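*Asks:* If you scroll down you'll find the structure; I have some questions about it.
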Amino acid sequence: MLLTRRKFAVGCGAFASSAVADARFGFSDPAPADTHLPIPMLIDAAKQGNAVHLKAISGRHAFIEGKPTGTYGYSARVLGPVIRLQRGDEVQVTVENALDTVTTVHWHGLLTPGYNDGGPQQLIHPGKIWRPVLKINQPAATLWFHPHPHHDTARQIYMGLAGMIIVDDGSDNRLNLPRTYGVDDLPIILQDRSFDSDGSIGYDNNDLNALDIAYGARGDTIIVNGAIAPVAKVPASLVRLRLLNAANAQNFDLRFRDRRAFHVIASDGGFLAAPVAVNALMISPAERFEILVDFADGKTVALETGPDKEMGEFGRVAPDGSADYVAVMQFEPTAGSANVQHMPKRLIEPSVALPSSAVRRRQFILDSGLCASRPQASAHADMPALIGINGKPFDIGRIDVETKLGTTEIWEITSIGMAHPFHVHGALFRVLSIEGSPPPAHLTGWKDTVLVEDKAELVIAFNQSATRDHPFMFHCHILEHEDAGLMGQYVCA
Ligand code: C2O
Ligand code: CU
């Protein structure tokens, strides 16, 4: 069962109680250290006539050796292919639903009209096929795709449905960035799971209690590309990691064990103006960052994650309940390969987004109905039932916002209850302020998802149309929050 360890914890006081912290241990069963990082199959759309076929299937996969469990995947036992798309191309996609349940496929971060977006209106019933035609017209970026059927998104992603998209516009070549897929350009899909003793990963929508929903599904074991604690052999040079947080709820606070510096080169919507040197990087559900890591010293090093600060004591990940960091995976540089050695000084200046050109300012209050350790949450001390935006839970029959095609707006996002990773479909934004300050350098590029602890102001550019039949969503990307109603819809014309 999912998160059974949490069932005894009730009410707000439990949030910081040691009982809860003690119950959240794990990361204790690392796989044998020789599990290689699985590299999802690459579909290079341009090399196959820009026709891409995906089939949502159920299968069995042994995350833990010898203990297979039921899973979902896109033409795979878990996860799906990495799809590379060329800017300027038109791609004929067929999505076949071979599951016994209804699904949708949403292209998270792709700029495409509402009718292609794969939101909760675009149901693909079992045995049916959906054929969107996607015109790729946005700068190079790392995107992803996942199901979006209302009330079942969290479960379907937890069961394994998620894949990565790489939009290529030629800038990798121009900038001489690492770009050999699976060699020095690696997809790193981060998730967490709880395994039963028989190795299964159950997720039962009927079995979720209020706290499962409030905290979101948080497992005690991290998986990378579907594998527990894998090892990646990499060239002893600059390596590009395309980090995707595809977890239901967990924020990963990443760093290398030796604390080496690395460089963030891109966020959700594409390249930053210049590489940003960091020693640690927080990545929230649905966010992507591309980083360059220098392995020229030839030393094996672990990538590790620390406590999810947004969760207080409950966010600890170390098996002993301490605030220690735990290994997510290892990198083993192999000698003799001469790949990219030099980092460009400049990348690509993002197009401007002037707050002064915004035609409107709107306010959104995201409320997960959870009392937490956050100061403003004290007003919500008895765990109100409401999970929604501006006091309203999601209603698929209600359009919440009407925007004008070709305009920008400022959206002010306020989180109540806990930090919410806020995501907008069909548009990209720049962070104008976050927690009352200008964004840190790695959050200054175009994005589609941002973790809002208290408050953020976003300058959003609306350049894709969406009608009432196929509106765009905006929501919290903690999937249990989204499914419970922390979502709204907008049209754009
Ligand atoms: Cu990742 Cu509404 O989507
Ligand atoms: Cu949320």
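Just so it is clear, none of the values below were taken in a lab; they were calculated from the coordinates. Just so it is clear, the model here is predicted, and its values are computed rather than measured. Don't worry about glycine lacking a Cβ; one is built from the backbone with ideal geometry, like all the others, and counts go over all protein chains shown.
*Asks:* ³J(HN,Hα) across region 73-90 via Karplus (A = 6.51, B = -1.76, C = 1.60, θ = phi - 60°), whole Hz, x for Gly/Pro?
*Replies:* For region 73-90, the Karplus-derived couplings read x, 9, 6, 7, 6, 9, 6, x, x, 9, 9, 9, 10, 9, 4, x, 7, 10 Hz, x marking Gly and Pro.
*Asks:* Using Cβ contacts closer than 10 Å as the measure, can you line up Ser322, Ser267 from fewest to most?
*Replies:* Sorted ascending by nearby Cβ count, the order is Ser322, Ser267.
*Asks:* Right, another one. Given R₀ = 56 Å, FRET efficiency for Ser200-Ser356 by Cβ-Cβ distance, to 0.05?
*Replies:* Efficiency for this residue pair is about 0.55.
*Asks:* Right, something else. Quick one: what Rg and Dmax do you get for the chain from the alpha carbons, in Å?
*Replies:* 21.0, 61
*Asks:* Along each principal axis of its Cα atoms, how long is region 262-339 end to end? Whole angstroms, biggest number first, please.
*Replies:* Largest to smallest, the principal-axis extents are 43, 31, 18 Å.
*Asks:* Select from Phe474, Thr407, Gly59 the residue farthest towards the positive end of the dipole of the chain; place +1 on Cβ of Lys and Arg, -1 on Cβ of Asp and Glu, and compute about the Cα centre.
*Replies:* Selected residue: Thr407.
*Asks:* Which whole number in µm²/s is D for region 381-493 by Stokes-Einstein, with the Kirkwood Rh taken over Cα pairs at 4 °C and 1.567 mPa s?
*Replies:* 90
*Asks:* Taking square-rooted eigenvalues a ≥ b ≥ c of the alpha carbon gyration tensor, is region 78-164 rounded, prolate or oblate, where a/c under 1.5 means rounded and, failing that, a/b exceeding b/c means prolate?
*Replies:* prolate
*Asks:* Mind listing the long-range amide H neighbours of Arg288? Cut-off is under 5 Å, sequence gap 5 or more, other chains count too, H placed in the peptide plane at 1.01 Å from N.
*Replies:* Long-range HN contacts for Arg288: Asp268.
*Asks:* Further question: What shape does region 30-176 have by the C-alpha gyration tensor, where a ≥ b ≥ c are the square roots of the eigenvalues, rounded means a/c under 1.5, and otherwise prolate means a/b greater than b/c and oblate the rest?
*Replies:* Numbers: a/c = 2.08, a/b = 1.20, b/c = 1.73.
Judged from the Cα gyration tensor, region 30-176 comes out oblate (a/c at least 1.5, b/c at or above a/b).
*Asks:* Based on the mean of other Cβ atoms within 10 Å per residue, sort peptides 68-75, 345-352, 386-393, 259-266 so the most packed one is first. Show your work: numbers first, answer last.
*Replies:* Values: 68-75: 20.8, 345-352: 13.8, 386-393: 17.4, 259-266: 19.1.
With the highest mean Cβ count within 10 Å placed first, the list reads 68-75, 259-266, 386-393, 345-352.
*Asks:* Looking at the chain, what % of its DSSP beta bridges pair antiparallel, to the nearest 5?
*Replies:* Here the share of antiparallel DSSP bridges comes out near 70 percent.
*Asks:* Now, a different point. Can you tell me the FRET efficiency between Val133 and Glu412 if r is taken as the Cβ-Cβ distance and R0 is 25 Å, rounded to the nearest 0.05? Spell out each step's value before the answer.
*Replies:* Values: r = 36 Å, r/R0 = 1.42.
FRET efficiency, Val133 to Glu412: 0.10.
*Asks:* If we count other beta carbons within 10 Å of each Cβ, what is the order of Met487, Met159, fewest first?
*Replies:* Ranked by crowding around the Cβ, least crowded first: Met159, Met487.
*Asks:* Next question. Residues in region 144-182 near a label at Ser58, defined as backbone nitrogen under 15 Å from the 7 Å Cα→Cβ point?
*Replies:* Output list for this probe position: 155-161.
*Asks:* Return Ile129, Ile189 ranked ascending by Cβ neighbour count within 10 Å, so the fewest neighbours appear first. Mind showing how you got there, number by number?
*Replies:* Values: Ile129 12, Ile189 25.
So the ranking, lowest neighbour count to highest, is Ile129, Ile189.
*Asks:* So how far apart, in nm, are the two label points at Arg87 and Ala210 if each is 7 Å from Cα heading toward Cβ?
*Replies:* Once both label points are built, they end up 5.0 nm from each other.
*Asks:* What does the C-alpha gyration tensor say about the overall shape of region 230-368? Classify as rounded when a/c is under 1.5, otherwise prolate if a/b is larger than b/c, or oblate.
*Replies:* Oblate, since a/c reaches 1.5 and b/c is not below a/b.
*Asks:* Give a residue-ordered list of calculated ³J(HN,Hα) values for region 248-259 (Karplus: 6.51 cos²θ - 1.76 cosθ + 1.60, θ = phi - 60°; whole Hz; x for Gly, Pro).
*Replies:* 5, 8, 6, 8, 9, 10, 8, 7, 8, 4, 8, 6
*Asks:* What percent do you get for the relative contact order of the chain when only Cα pairs under 8 Å and 6+ apart count?
*Replies:* 16
*Asks:* For region 156-306, what ratio Rg/Rh do Cα atoms give with a Kirkwood hydrodynamic radius?
*Replies:* Here the Rg-to-Rh quotient is 0.99.
*Asks:* How much length, in nm to one decimal, is gained on full extension between Thr101 and Lys392, taken as 0.36 nm per residue of separation minus their Cα-Cα distance?
*Replies:* That works out to 102.0 nm of additional length.
*Asks:* Across region 213-218, in residue order, what do the Karplus-derived ³J(HN,Hα) couplings come to in whole Hz, using 6.51 cos²θ - 1.76 cosθ + 1.60 with θ = phi - 60° and x for Gly and Pro?
*Replies:* Result, ordered by residue: 6, 5, 8, x, 6, 10 Hz.
*Asks:* Give me P(r) over region 123-221, computed from all C-alpha to C-alpha distances, binned every 5 Å, as integer percentages.
*Replies:* Computed distribution, short to long bins: 2, 8, 15, 18, 15, 14, 12, 10, 5, 2, 0.
*Asks:* Okay, moving on. For the chain, what is the calculated [θ] at 222 nm in deg cm²/dmol (nearest 500), taking -39500 (n - 2.57) for each run of four or more DSSP H residues and dividing by its residue count? Mind dumping the intermediate values first?
*Replies:* On the way: 5 runs with 28 residues, N = 493.
Value at 222 nm, helices only: -1000 deg cm²/dmol.
*Asks:* Continuing with the same structure: In nm, to one decimal, how far is the modelled label at Ala280 from the one at Ala335, with both set 7 Å along Cα→Cβ?
*Replies:* With each label placed 7 Å out from Cα toward Cβ, I get 3.5 nm.
*Asks:* Follow-up. Val52's amide H: which non-local residues (gap 5+, or another chain) put their own amide H closer than 5 Å, with H modeled 1.01 Å from N in plane and none for Pro or chain starts?
*Replies:* Here the answer is Gln92, Val93, Thr94, since their amide H atoms fall under 5 Å of that of Val52.
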